[in-house]
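Peer 1: Below you'll find the structure I mean.
The values are calculated or read from the model by the stated rules, or taken from the named source; none is laboratory data. Model, not experiment: these values are computed from the prediction. Counting neighbours? That spans all protein chains shown, and the Cβs are built from the backbone with ideal geometry, glycine included. In case anyone asks, the SASA skips ligands and DNA or RNA and just uses the protein heavy atoms, side chains included. Shrake-Rupley method; radii C 1.70, N 1.55, O 1.52, S 1.80 Å.
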Amino acid sequence: MKALVLSSGGVDSSTCLALAADKLGKDNVISLSMYYGQKHDRELKAAKQLAAHYGVEHIVMDLTPIFQFSDSSLLKNSDKNIPSGSYSLQQIENDGKPVSTYVPFRNGLFLSCAASIALSKECEIIYYGAHSDDVAGDAYPDCSTAFNDAINKAIYEGSGRQLRVEAPFLNLNKADVVKKGLELEVPFELTWSCYEGGEKPCGACATCIDRAKAFELNGVEDPAIKR
């Protein structure tokens, strides 16, 4: 069996990549990363390093034109600042709507593009690293179980029942994902999660907060902080 893994260069997708490589062997795994107009490319550099670490083929696609109409604070074409504070706090301030860092239907587009590449590369499965904390109410609705079930069915049927989508961490939280990554000896020092693109993680954006908490709950220091 061959698998294509959506790789953002962060903790979750890197653990997903490690899981696939461990299960299927590096020759049966492809890493796919997306540039979509982000304000920085640190995560793409991390994804490239991780693919090299595992010795897997790495593909990068540019989906910037599709997101040119979005005003997500993650994108270069937005004048919004990336907010500080947890996702739960942002949701309260935003009346339960998706947070400003939500990029409209990003995972849907990523997985649709991945399906085309996966079929062309004779893969039978697409892995992506969504987990339960990503949903955070409706912060990122395209990380939910309902979304995963729907996109899996669409891709399975649309591929002539040749390809399926799997989010192995969907019922786990981020601390669980970090635990799994530690077990698989993921080189977390190579990963990048921060929404900002500085020399070091900002420590204030929601993804930095979630990451720090996940490592703390596992009783270990985040190795990326040491670099």
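Peer 1: Taking only protein heavy atoms into account and a 1.4 Å probe, give the accessible area per residue of the chain in Å².
Peer 2: Computed with neighbouring chains in place, this is 47 Å² per residue.
Peer 1: List, largest first, the extents of the alpha carbons of the stretch 131-191 along their principal axes, each in whole Å.
Peer 2: 39, 28, 18
Peer 1: Find, among the GluC sites (Glu not before Pro) in the stretch 153-227, those assigned to loop by DSSP (not H, G, I, E, B) with at most 11 other beta-carbon atoms within 10 angstrom.
Peer 2: Answer by residue number: 185, 199, 221.
Peer 1: Need the C-alpha centroid separation for the stretch 1-70 versus the stretch 188-220, integer Å.
Peer 2: The distance from the Cα centre of the stretch 1-70 to that of the stretch 188-220 comes to 18 Å.
Peer 1: If I take every Cα pair under 8 Å that is 6 or more residues apart in the chain, average their sequence separation and divide by the length, what percent do I get for the relative contact order?
Peer 2: After rounding, I find 24 percent.
Peer 1: Of [x] 58, 34, 31; [y] 70, 42, 33; [z] 43, 38, 29, which is the value of Cα extents along the principal axes in Å derived from the coordinates here?
Peer 2: Checking each listed value against the structure points to [z].
Peer 1: Just need the relative contact order of the stretch 3-80 here, percent rounded to a whole number, with Cα pairs under 8 Å and 6+ apart.
Peer 2: Reported relative contact order: 31 percent.
Peer 1: Okay, moving on. So which trypsin sites (Lys or Arg not before Pro) in the stretch 140-215 are both in a DSSP loop and have at most 14 other Cβ atoms within 10 Å of their Cβ?
Peer 2: Hits after loop and neighbour filter: 161.
Peer 1: Here is a follow-up. Past the 21 Å Cα-Cα mark, which pairs from 76/174; 76/121; 23/213; 2/26?
Peer 2: Check vs 21 Å cut-off fails for 76/174; 76/121; 23/213.
Peer 1: Something else: List the residues whose amide H sits under 5 Å from the amide H of residue 59, counting only those 5 or more places along or on another chain, with H placed 1.01 Å from N in the peptide plane.
Peer 2: Hits under the 5 Å cutoff: 31, 32, 33.
Peer 1: Then there is this: Which ³J(HN,Hα) values in Hz, rounded to whole numbers, follow from the phi angles of the stretch 57-72 under the Karplus curve 6.51 cos²θ - 1.76 cosθ + 1.60, where θ = phi - 60° and Gly and Pro get x?
Peer 2: Per-residue couplings from phi come out as 4, 10, 10, 10, 10, 10, 10, 3, x, 5, 9, 5, 8, 7, 10, 4 Hz.
Peer 1: Now for a separate question. Carbon-plus-sulfur fraction of the accessible area of the chain, 1.4 Å probe, in percent?
Peer 2: Summing carbon and sulfur atoms, their accessible area is 50 percent of the total for the chain.
Peer 1: Please work out how much length the chain gains when fully extended from residue 68 to residue 220, using 0.36 nm per residue of separation minus the C-alpha to C-alpha distance, in nm with one decimal.
Peer 2: 50.8 nm
Peer 1: Could you derive backbone 3J(HN,Hα) for the stretch 183-189 from the dihedral phi with the Karplus parameters 6.51, -1.76 and 1.60 (θ = phi - 60°), listing whole Hz in sequence and x where the residue is Gly or Pro?
Peer 2: Those phi angles translate into 5, 8, 6, 5, x, 4, 5 Hz.
Peer 1: Moving on to the next point. Please state the relative contact order of the stretch 110-189 as a whole percent: Cα pairs under 8 Å, 6+ residues apart?
Peer 2: 35
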